[in-house]
Amino acid sequence: MPRAPRQNEPASLRRDRERFTALKAQLAELDFFVRGSLVHLRVRCGKRSCACATDPDARHGPYVRWTRKVAGRTVSTPLRSDEVPLFEQWLANSRRLDDLVGQMHALGLRAAARALKARTKI
């Protein structure tokens, strides 16, 4: 439930609350997000007669895999080329989420510090 600002609220706290509200609005604009990273691999096939066995530039790929942690273990999933842009966007959304939440947390810490400082003046 939104909290109504108090009449005697300091201007600095009011500005921080406005910034916090703006950050919440940006959160609402985010689409799907996933954690992890994309790994681009170029691999050797294992055939001695294949050019990839001796020439690093002739290796097969690139193959793209989405890598993430699940229950403390690394899980890697191959992606088709048409899926890569989608996962790039979802990973970017995850980074944006982390940034927004970090800014919101900093504003909360600042408000808490002000509240504690005001308490000690009583």
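What's log10 of I(q)/I(0) for the chain at q = 0.20, 0.21, 0.23 Å⁻¹, Debye sum over Cα points only, no solvent?
Cα-only, vacuum Debye calculation for the chain: -1.10, -1.15, -1.25.
Set the Förster radius R0 to 35 Å, insert the Cβ-Cβ distance between Tyr63 and Gln26 as r into 1/(1 + (r/R0)^6), and round the FRET efficiency to 0.05.
Computed FRET efficiency for Tyr63 and Gln26 comes out at 0.50.
Between 0 and 90 degrees, rounded to the nearest ten: what's the tilt of helix 11-28 against the longest Cα principal axis of the chain?
30 degrees
Answer with one residue from Leu107, Trp90, Pro78: the one whose Cα lies farthest towards the positive end of the charge dipole of segment 30-122, charges on Cβ with Lys, Arg +1 and Asp, Glu -1.
Leu107
Using the heavy atoms of the protein chains and a 1.4 angstrom probe, tell me the accessible area per residue for segment 17-102 in square angstrom.
73 Å²
Hey, any idea what % of segment 2-122's accessible area is carbon plus sulfur with a 1.4 Å probe? The partial results should precede the final answer.
Working: 5220 of 9210 Å².
In segment 2-122, the share of accessible area belonging to carbon and sulfur is 57 percent.
Calculate, in nm to one decimal, what Cys50 and Arg80 gain on full extension: separation in residues at 0.36 nm each, minus their alpha carbon distance. Please report the intermediate quantities before stating the final value.
Numbers: separation 30, 0.36 × 30 = 10.80 nm, distance 2.38 nm.
Going from the current span to full extension adds 8.4 nm.
The values are calculated or read from the model by the stated rules, or taken from the named source; none is laboratory data. This structure is a prediction, so every number in the text was calculated from the model and none was measured. Cβ sites come from the backbone with ideal geometry, for glycine too, and all protein chains shown count toward neighbours. Just the protein is used for accessible areas: all its heavy atoms, side chains included, with ligands, DNA and RNA removed. Shrake-Rupley method; radii C 1.70, N 1.55, O 1.52, S 1.80 Å.
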